[in-house]
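Asks: One structure, as structure tokens, below. Some questions next.
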Amino acid sequence: MINNDLIKRLSHDIQKNIQMPLYIIDKSGNLIYGNEDFFAKKAGFLDIKVEYMYEREICELENYTIYNIFIDNIPYFTIILEGVGEEARRIAGLIAIIFDQIFQVYSKEEFLLKMLYGEFDENSIYYYAEKYKIDKSVRYAVVIVETKNEIDDALKIINNIFNRTNLYTVKLNDKKFVVIFSSHKEKDSLIDFSKTMKDMIESEGYTKVKIASSSSLVPLHEIHKAYKEAETALLLGQKLEGEKGIYLYDDYIFAEILWGIDVEKVNQFIKKLDIDFSLFKEEELIQTLNAFFRNSLNLSETARELYVHRNTLVYRLDKIFKMTGLDAKKFDDALLLKTMMVLAKLYDVLG
Amino acid sequence: MAGVVLKHVYKVYPGGVTAVKDFNLEIEDKEFIVLVGPSGCGKTTTLRMIAGLEEITQGELYIDGKLVNDVPPKDRDIAMVFQNYALYPHMTVYDNMAFGLKLRKVPRAEIDRKVKEAAKILGLEEYLNRKPKALSGGQRQRVALGRAIVRNPKVFLMDEPLSNLDAKLRVQMRTELAKLHDRLQTTFIYVTHDQTEAMTMGTRIVVMKDGVIQQVDKPQTIYDYPNNLFVAGFIGSPQMNFIDARLENRDGKVYATFKGFSVLVPEGILKRLKDPSYVGKEIVLGIRPEDLHDEEVFLEAYPEAVIEAKVEVTELMGPETYLYLDVNGIPLTARVDPRTRAKAGDVIKIGFDVNKLHMFDKETEMTILNRVVS
């Protein structure tokens, strides 16, 4: 894992054990570790250092000992010790060995996985992107695929069906993998992409599958954010919509806000409302409310979707009003009902 | 080739949502059965239970006489074609059809034989070396079907396979699928929300709503004798007109009265009443758009079946014209000859073909008429 914080921490520990002042700068000349006065004192030093950037041997410059650290043949950062001579060279060499051990090179698969988990900083992501020829100029979406059986066939299907350059699959475990793909299009395209994955894996691979997609299209260094979105969609989607099978993060933003609430507070809120929660056990009424919300509180559209007479719909909404004191036709009451429905599923606290 | 039997099948999801309730159906070998209903009616869940992609909560499922509740999908001798199919873009037609068999590690010679057989059935022999981008939309759809055919399944399961196609190709593929069924002589179970697809393709139709079978019958029987208001409204386009009416006995004749109008109910319909006591009660009267007439000849022949209606909108469809009418607040749609002179704003006379009346109980919404036994 290449990470400036780690370099700082390590350098700090090393500094405690050596007399000579230690400085670490990155390949652009930014100070990663060391006394900032160093820069002020040695403003011209960095210009000179450029000449030494590809130097693989330990060298001395004025009163400094310099040693470049290469990762995969690319200079990544420079160790600078204030002082010259045998002792300084020996210490610089030892520090280099420590960093070499830590900054091992990751395979493409390992890199993608660690990038998803947010274990790389931006510099490291772009370093590896260059190494593995991953396009840095496009934006990416992340989809999590969870299968009932082992994922090998599903992976083969996905890798063959989407024959595009900017698509990567990463195995998370025996039943789950991630698809990272570039996209220029928005929500509809993500839904279509997810549907195609689901239908193809199920019909060709004979296994049930769940697909959760991020909503954001992000630059490469924000892949972790998109992965968290897909993870949230998978968790909350299953809680709210059960076996629907395709979950898009955008649909669960409201639930995500409620998901962070303390359960005790949820209980207090519910008690305050003092309504008949047997409503949440009546499937027909819940389906009616869901359809009514989906159709923006429009009676005619909802009746059409449910294939019921408008009067039947009004009767059901009246029944809900009698049970809860909340009139779903009014926005504020509808919002409360929607909140209650989401809480009921998230926390299972309504009995 | 195999029959499929579902006995008292339920699907209840965690959290208690019941998607399918007490589903009973015997699908005969080589039958083309269509499950149809609105979104959320349980048709896809039923198909997925047959496929093994959803577990059956309660009940029994038999394929070819064997109980398969706990048999994994790959061992059920089924093949699936779903709505969002995609072809492998860098593979030839041959490889596209072979891919699924390769995953299952079928011997190469057997794959070759099956792919060539399927290509012959689908008329794709000369395209086997082409890539998908060199195919027409119809040919691509056939390749997708080919992937299912090469599995040589006992049962084909199809979930809205034509929904992503444009209207013209959809009509063409409807016919091709029907022909394919004839050629393969295999059981097809087909899910759609489109009642036209159901009517044109199925040997039998299963109409579903809220996880419950509403009616199972041949297409024409469902159209002529809908069991309830839902089926009557769902099957047929434009949909059946419904009128809250009262059956009244006047001097030995029974009339359906509504909004100040009366329509004579003929003896043939009265004989079919399940319970004569409906006379004198409120019912729901149903009449299909094609059974409303504005031709002079009809209006003169059946004067006791004529009412007045205001024309709201006319829609010329080519071979027919739809009149959207208002009868004192009741909306009616009539499908009439395109030579009609009616235009928006006119008050016209409209005649009911009373032998084609449908009647439903206002409370239970079930039909109150017996079928004609032929």
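The values are calculated or read from the model by the stated rules, or taken from the named source; none is laboratory data. Please read all numbers here as calculations on a predicted model, not as lab measurements. Here the Cβ positions follow ideal geometry from the backbone for every residue, glycine too, while neighbour counts run over all protein chains shown. Only protein heavy atoms, including side chains, enter the accessible area calculation; ligands, DNA and RNA are left aside. Shrake-Rupley method; radii C 1.70, N 1.55, O 1.52, S 1.80 Å.
Asks: Sort through B:Arg104, B:Arg76, B:Arg48 and tell me the only one that's within 29 Å of the chain's Cα centre (by Cα), facing another protein chain (nearest Cβ under 9 Å) and either under 13 Å from B:Leu6 (Cβ atoms) or open to solvent by 70 Å² or more (accessible area, probe 1.4 Å) (or both).
Replies: On the way: B:Arg104 fails: within 29 Å of the chain's Cα centre (by Cα); B:Arg76 fails: either under 13 Å from B:Leu6 (Cβ atoms) or open to solvent by 70 Å² or more (accessible area, probe 1.4 Å) (or both).
None of the others qualify; the one that does is B:Arg48.
Asks: Grab the helices (runs of 4 or more DSSP H) fully contained in region A:182-297, keeping just those with 1 or more residues being within 14 Å of another protein chain (Cβ to nearest Cβ) and either of a type in the set (D, E, K, R) or touching a residue at least 24 places away in the same chain (Cβ under 8 Å) (or both). Let's see the steps before the verdict.
Replies: Details: elements: A:187-205, A:223-241, A:253-259, A:263-273, A:283-294.
Here the list reads A:187-205, A:223-241, A:283-294.
Asks: On to the next question. If the requirement is being modelled with pLDDT of 95 or more and either of a type outside the set (Phe, Trp, Tyr) or crowded, with 17+ Cβ neighbours inside 10 Å (or both), which of these qualifies: B:Thr187, B:Thr175, B:Thr200, B:Thr196?
Replies: That would be B:Thr187, the only listed residue that is modelled with pLDDT of 95 or more and either of a type outside the set (Phe, Trp, Tyr) or crowded, with 17+ Cβ neighbours inside 10 Å (or both).
Asks: So, in region B:10-33, exactly how many residues are touching an Asp or Glu at 6+ places or on another chain (Cβ under 7 Å) and either away from chain A (no Cβ under 14 Å) or of a type in the set (S, T, N, Q) (or both)? Let's see the steps before the verdict.
Replies: Of region B:10-33, the ones touching an Asp or Glu at 6+ places or on another chain (Cβ under 7 Å) are B:10-11, B:13, B:17-18.
Now narrow it down to the ones that are either away from chain A (no Cβ under 14 Å) or of a type in the set (S, T, N, Q) (or both): B:18.
Of the residues in that region, 1 qualify.
Asks: Can you find, within region B:256-269, the residue that is nearest to the other protein chains (Cβ to nearest Cβ) among those that are in contact with a helix residue (DSSP H, G or I) (Cβ under 8 Å, 6 or more places away or on another chain) and outside any loop (DSSP other than H, G, I, E, B)?
Replies: Within region B:256-269, the subset in contact with a helix residue (DSSP H, G or I) (Cβ under 8 Å, 6 or more places away or on another chain) is B:262-266, B:268-269.
Checking which are outside any loop (DSSP other than H, G, I, E, B) leaves us with B:262-264, B:268-269.
Values: B:Ser262: 24, B:Val263: 22, B:Leu264: 27, B:Gly268: 29, B:Ile269: 24 Å.
Checked region B:256-269; the qualifying residue nearest to the other protein chains (Cβ to nearest Cβ) is B:Val263.
Asks: May I pose another question? Is at least one residue of region A:63-79 in a loop (DSSP other than H, G, I, E, B), surrounded by fewer than 18 Cβ atoms within 10 Å (Cβ to Cβ) and at pLDDT 75 or above? Spell out how you get there, then give the answer.
Replies: Applying the first criterion (in a loop (DSSP other than H, G, I, E, B)) to region A:63-79 yields A:63, A:72-73.
Next cut, surrounded by fewer than 18 Cβ atoms within 10 Å (Cβ to Cβ) only: A:63, A:72-73.
Checking the rest, the ones that are also at pLDDT 75 or above come to A:63.
Checked region A:63-79: at least one residue is in a loop (DSSP other than H, G, I, E, B), surrounded by fewer than 18 Cβ atoms within 10 Å (Cβ to Cβ) and at pLDDT 75 or above.
Asks: Out of region A:134-153, which residues are within 13 Å of chain B (Cβ to nearest Cβ) and in a loop (DSSP other than H, G, I, E, B)? Before the answer, list the steps.
Replies: Filtering region A:134-153 for residues within 13 Å of chain B (Cβ to nearest Cβ) gives A:147-153.
Across region A:134-153, the qualifying residues are A:Lys148, A:Asn149, A:Glu150, A:Ile151.
Asks: Is it the case that some residue within region A:162-178 is within 14 Å of chain B (Cβ to nearest Cβ) and in a strand (DSSP E or B)? Show your work before the answer.
Replies: Start the filter on region A:162-178 by keeping residues that are within 14 Å of chain B (Cβ to nearest Cβ), which leaves A:162-165, A:167.
Imposing the further condition that a residue be in a strand (DSSP E or B) reduces the set to A:167.
Checked region A:162-178: at least one residue is within 14 Å of chain B (Cβ to nearest Cβ) and in a strand (DSSP E or B).
Asks: Can you tell me which of (1) outside any strand (DSSP E or B); (2) open to solvent by 40 Å² or more (accessible area, probe 1.4 Å); (3) under 30 Å from B:Ala309 (Cα atoms) is the one B:Glu248 doesn't meet?
Replies: (1)
Asks: Within region B:233-244, is there a residue that is surrounded by fewer than 16 Cβ atoms within 10 Å (Cβ to Cβ) and assigned to a strand (DSSP E or B)?
Replies: Taking every residue of region B:233-244 in turn, at least one turns out to be surrounded by fewer than 16 Cβ atoms within 10 Å (Cβ to Cβ) and assigned to a strand (DSSP E or B).
Asks: May I ask you to verify whether A:Lys156 is of a type in the set (Lys, Arg), over 23 Å from A:Phe77 (Cβ atoms) and either more than 14 Å from chain B (Cβ to nearest Cβ) or more than 15 Å from the chain's Cα centre (by Cα) (or both)? If you could, list the steps in order and put the result at the bottom.
Replies: Values: of a type in the set (Lys, Arg): yes; over 23 Å from A:Phe77 (Cβ atoms): yes; either more than 14 Å from chain B (Cβ to nearest Cβ) or more than 15 Å from the chain's Cα centre (by Cα) (or both): yes.
In short, yes.
Asks: Does region A:90-103 contain any residue that is basic (Lys, Arg), at pLDDT 90 or above and surrounded by 15 or more Cβ atoms within 10 Å (Cβ to Cβ)?
Replies: So in region A:90-103, the residues basic (Lys, Arg) come out as A:90.
Filter once more, so that each one left must be at pLDDT 90 or above: A:90.
If we keep only those that are surrounded by 15 or more Cβ atoms within 10 Å (Cβ to Cβ) as well, we get none.
So far as region A:90-103 goes, no, none of its residues is basic (Lys, Arg), at pLDDT 90 or above and surrounded by 15 or more Cβ atoms within 10 Å (Cβ to Cβ).
Asks: Quick check on my filter: what residues within region A:304-335 are part of a helix (DSSP H, G or I), modelled with pLDDT of 90 or more and either aliphatic (A, V, I, L, M) or open to solvent by less than 40 Å² (accessible area, probe 1.4 Å) (or both)?
Replies: A:Leu313, A:Val314, A:Arg316, A:Leu317, A:Ile320, A:Asp333, A:Ala334, A:Leu335
Residue by residue, here is whether (1) in contact (Cβ under 8 Å) with a residue 12 or more places away in the chain; (2) farther than 19 Å from B:Val34 by Cα holds:
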| residue | (1), (2) |
| --- | --- |
| B:Ala109 | no, yes |
| B:Pro132 | yes, yes |
| B:Arg140 | yes, yes |
| B:Arg174 | yes, no |
| B:Ala178 | yes, no |
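Asks: Go through region B:120-159 and give me each residue that's open to solvent by less than 50 Å² (accessible area, probe 1.4 Å) and in a loop (DSSP other than H, G, I, E, B). Break it down into steps so the answer makes sense when it comes.
Replies: So the first thing to find is which residues in region B:120-159 are open to solvent by less than 50 Å² (accessible area, probe 1.4 Å), and the list is B:122-124, B:127-128, B:132, B:135, B:137-139, B:141-151, B:153-159.
Correct list: B:Gly123, B:Leu124, B:Leu128, B:Leu135, B:Val150, B:Arg151, B:Pro153, B:Lys154.
Asks: I'm trying to understand the selection: among the residues of region B:79-101, which are closer than 18 Å to B:Ile189 by Cα and away from chain A (no Cβ under 11 Å)?
Replies: none
Asks: Moving on to the next point. Restricted to region B:51-73, and to residues that are without any contact (Cβ under 8 Å) to a residue 24 or more places away in the chain and away from chain A (no Cβ under 11 Å), which residue is least open to solvent (accessible area, probe 1.4 Å)?
Replies: Among those residues, the one meeting the criterion is B:Val68.
Asks: For B:Gly202, are the conditions met, namely being touching a residue at least 60 places away in the same chain (Cβ under 8 Å) and either within 30 Å of B:His8 (Cβ to Cβ) or among the aliphatic types (A, V, I, L, M) (or both)?
Replies: Yes, satisfied.
Asks: Can you tell me which residues in region A:222-246 are closer than 13 Å to A:Trp259 by Cα and crowded, with 22+ Cβ neighbours inside 10 Å?
Replies: A:Ala233, A:Leu236, A:Gly237
Asks: While we're looking at this one, here's another question. B:Val12 - would you say it is out of contact with any Gly (no Cβ under 9 Å at 6 or more places or on another chain), of a type outside the set (D, E, K, R), farther than 25 Å from B:Gly123 by Cα and at pLDDT below 95? Walk me through how you get there before you give the answer.
Replies: Values: out of contact with any Gly (no Cβ under 9 Å at 6 or more places or on another chain): yes; of a type outside the set (D, E, K, R): yes; farther than 25 Å from B:Gly123 by Cα: yes; at pLDDT below 95: yes.
So B:Val12 fits the description; yes.
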